[in-house]
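Encoded as C-alpha cells, the structure appears first; notes follow it.
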Amino acid sequence: MAQILSGKEVAAAITENTRQKADAMRAAGRPAHLRVIRVGDKKSDLAYEKGIRKRSEAAGVDLSVDALPEDATFEDVKRAIERANADWRVKGVLLFLPLPKALDEKKLVNFIAPEKDLDGATDISMLGVYKGTGAGFPPCTPEAVVRILDYYGIEISGKDVVIVGRSLVVGKPLAQMLIARNATVTTCHTKTVDLAKKTAGADILISAAGHRGTIRAEHVREGQVVIDVGINFDDTGKMTGDVEYEEVKNIVSAITPVPGGVGSVTNAVLLAHICEGKVR
Ligand code: NAP
C-alpha cells in the first residue's frame, strides 16, 4: 500500500507559514490583501471563491471581490484590473478564468501588474518560469506539485519525471520547473505513442490530462511516486482524479489522493505568493 501524500497536510503547513507573514504585515500596517475579479456568477467560480475565502481567513489575508456582470465589456474588465493594480492596499490579483467567450482573455490577463500576478497568468510571469528572471510568479498548480514533492522529501534532482499533459497552465510550466530542479522530464499528450510504456518508466509520474482513468495499473510500476493533478467528476458527481486510485495505490510507493491532493495545495500557494513581499 502506497504512502498517501496528503495535500491537506502540505496546505496546512504552507498556510501556517503564510499566517505568520500576514500577521507581521498587518502589524506593520500593510495587511496582505487579495483582490478577486469575477465576471458573471458561474457555479464553479462561486465555489472557487468560497474556497479562497475560507483559506484567506485561515491565512490572515484580507479578501475583496470585484464582481462584474456576465455581459461586462473588455473595457469593464480592463478597468477592474487597473483599479486593483493602482490600489496600494491590494497585494495580489486573481482574475477568474476562463472569462466569457466574448472577452479577449489573453489580452486582458496581461493587464495584471506582474508583481500582483499571483497565479502566474501573464506572459511576464511565464517568462519568469522559462528564463528564471524572477518576474511575476510561477503558476500555482505546478508550484503546488513541486511543494508536495519537497514537503515529503522526494528527491527531484536526477529523477526521470513523466508528465501527462502539455497545457500552458500545468504541463509545460511544470516541466520547466522540474528541469530547473535537475529532473529529466518527458512530457506526454494525446499524440504520444504507447503512453503506458513512457509512464511506467518514470520515477515520478504526474498526470494532468483532465480525464478519469488516464492512469491505470498498466501505466505504473512498483516504487513510483504518482501525483494526480486531474479534477474530474464521475456519473454520480463525485470528484475524481486522472488516476484509478484504488487500482494504482496497491502498486506504487506514494500517491496523492483526489480530493485532498494537489487541489488543496494550489490555493495555499496562491496566498503564500501574496506574502512574498513583491508589493510592499
Ligand atoms: P487541458 O488544457 O485540457 O490539457 C490537458 C492535457 O492533457 C493536454 O495537453 C492533452 O493533450 C493531455 N491529455 C488529455 N488526455 C490525454 C490522454 N488520454 N493521454 C495523454 N495526454 C492526454 O487541461 P489543464 O488545464 O492542463 O488541466 C488538466 C487537469 O488538471 C484538469 O483535470 C484540470 O481540472 C486539473 N487542474 C487541477 C488543478 C488543481 O489545482 N489541482 C489546477 C488546474 C487544473 P493534447 O495537448 O494533445 O490535447
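Values quoted throughout were computed directly from the atomic coordinates according to the rules given, and no laboratory measurement underlies them. Please read all numbers here as calculations on a predicted model, not as lab measurements. Glycine gets a Cβ as well: all are built from the backbone with ideal geometry, and neighbour counts include every protein chain shown.
Check which residues have an amide H placed less than 5 Å from residue 39's amide H, if you skip close sequence neighbours.
Under 5 Å from the amide H of residue 39: 68, 96.
Whole number please: convex hull volume per residue, Cα atoms of the range 176-218, in Å³.
Convex hull volume per residue, Cα atoms: 83 Å³.
Using packing as a proxy for protection, rank 186-195, 270-279, 104-113, 212-221 so that the peptide with the highest average count of other Cβ atoms within 10 Å comes first.
Ranked by mean Cβ neighbours within 10 Å, highest first: 270-279, 212-221, 104-113, 186-195.
Normalising by the residue count of the range 1-147, find the relative contact order in percent from Cα pairs under 8 Å and 6+ residues apart.
Taking the mean separation of contacting Cα pairs over the length of the range 1-147, I get 20 percent.
Compute a Gaussian network model of the chain, connecting alpha carbons closer than 10 Å, and tell me which residue from 11, 121, 72 fluctuates the most.
Ranking 11, 121, 72 by mean-square fluctuation puts 72 first.
What percent does the relative contact order of the range 76-203 come to when contacts are Cα pairs within less than 8 Å and at least six residues apart?
17
Output ³J(HN,Hα) for the range 210-217: one whole-Hz value per residue in order, computed from phi by the Karplus curve 6.51 cos²θ - 1.76 cosθ + 1.60 with θ = phi - 60°, and x for Gly and Pro.
Those phi angles translate into x, 9, 4, x, 4, 10, 10, 3 Hz.
Run the helix sum for the chain: -39,500 (n - 2.57) per DSSP H stretch of 4+ residues, divided by residue count, reported at 222 nm to the nearest 500 deg cm²/dmol.
Using -39500 (n - 2.57) per qualifying helix, the result is -12000 deg cm²/dmol.
If each Cα of the range 110-166 is one equal point scatterer, what is log10 of I(q)/I(0) from the Debye formula at q = 0.16, 0.24, 0.25 Å⁻¹?
After summing over all Cα pairs, the log10 values are -0.58, -0.98, -1.01.
Taking amide H positions as placed in the peptide plane 1.01 Å from N, state which residues far from residue 3 in sequence (5 or more) or on other chains have amide H under 5 Å from it.
Result for residue 3 returns 254, 255.
Remind me, relative contact order of the chain in percent, using alpha carbon pairs under 8 angstrom and six or more residues apart?
22
Where does helix 43-59 land angle-wise versus the long Cα axis of the chain, in degrees 0 to 90, nearest 10?
Approximately 80 degrees, to the nearest ten.
Scan around residue 92 for amide H atoms under 5 Å from its own, H built in the peptide plane at 1.01 Å from N, and keep only partners 5 or more places away or cross-chain.
Those lying under 5 Å, H to H, from residue 92 are 33, 35.
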